[in-house]
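Every read-out reported here was derived from the displayed coordinates using simple, explicitly stated rules and does not represent laboratory data. Everything quoted here is computed from the prediction, not taken from an experiment. For neighbour counting, all protein chains shown are included, and Cβ atoms are generated from backbone atoms with ideal geometry for every residue, glycine included.
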C-alpha cells in the first residue's frame, strides 16, 4: 500500500504494449522559456495549498479510477490527504496514517531516493529527467493554456509512460494539468482544481501526533542507529 501511495504522488515513478516515444534530442527554446517562468513563479511561493483530481483511463478511454486529494507544501515539509491515507512530512520524518487499518508507519524521509515521495513534483516535475517540446495553445473553459510535451530521458525503457503532457495556465504561469500517456495506451490525468499560494501554514501542521495510537498500531521503520 505504501509503495502504491508513493507511486501515485511522486509522478516520476508512477508508472508493455509497444508504443514508441518521439525522439527529442534538444529542448525546445519556447517550451524552456515557459517552464522557466513556471519554475520561477512556483519557487517564489512560501507555501502551496492545492486540491487535485486524478482520473485514470484504460486504452479504450473508459474511466477505471478517480481520486481526489489535497496537498500542502512549505519548503521541504508537506502534508497529503488522499482517500484512506494521510501522509505528513516535517522534512526529516514521514508519517503515513492508514485510516482503514488505523496504523501509522514512520520512515526517514529520503527525497533523493529513486521512489522518493515529493509532492512538489506535481508543480516542477519537468525540471529533471525530461526533454520537452512546445505543442500548442489550447483553451479550456475560456482559459488559455500552453501545452508542452515531456519525454523521459532517465531509463525511459523502465517507465510505464512514454510521454507527459503539461497544461500551463498562460496568465498565471502555473501548472493546471499533468497527463501521463501510458505505454498500455491508457492515461492518468492530474488536474489542479485549486491552488492557493503563500498561506500561513504552521510548522506544527507538518508533524503527525501519534499519542492517540497504541504501540501495536505504530510501525517505526527508521534506522535505530
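Here the label points at residue 171 and residue 62, each 7 Å from Cα along the C-beta direction, are separated by 4.0 nm in the simple model.
Using the Kirkwood radius over Cα pairs, work out the Stokes-Einstein diffusion coefficient for the stretch 66-225 at 4 °C and 1.567 mPa s, in µm²/s as a whole number. Answer, rounded: 72 µm²/s. Ignoring solvent entirely, what values of log10 I(q)/I(0) come out of the Debye formula for the stretch 52-113 at 0.19 Å⁻¹ when each Cα is a single scatterer? Log10 of I(q)/I(0), two decimals: -0.80. A straight chain from residue 218 to residue 141 at 0.36 nm per residue would run longer than the Cα-Cα distance by 23.1 nm. Taking label points 7 Å from Cα along the Cα-to-Cβ direction, residue 199 and residue 44 give a separation of 2.1 nm.
Listing 132, 45 from fewest to most neighbouring C-beta atoms within 10 Å gives 45, 132. Treating the stretch 174-217 as a set of equal point scatterers at the Cα positions, no solvent, please give the Debye-formula log₁₀ I(q)/I(0) at q = 0.21 Å⁻¹. Evaluating at q = 0.21 Å⁻¹ gives log10 I(q)/I(0) of -0.80.
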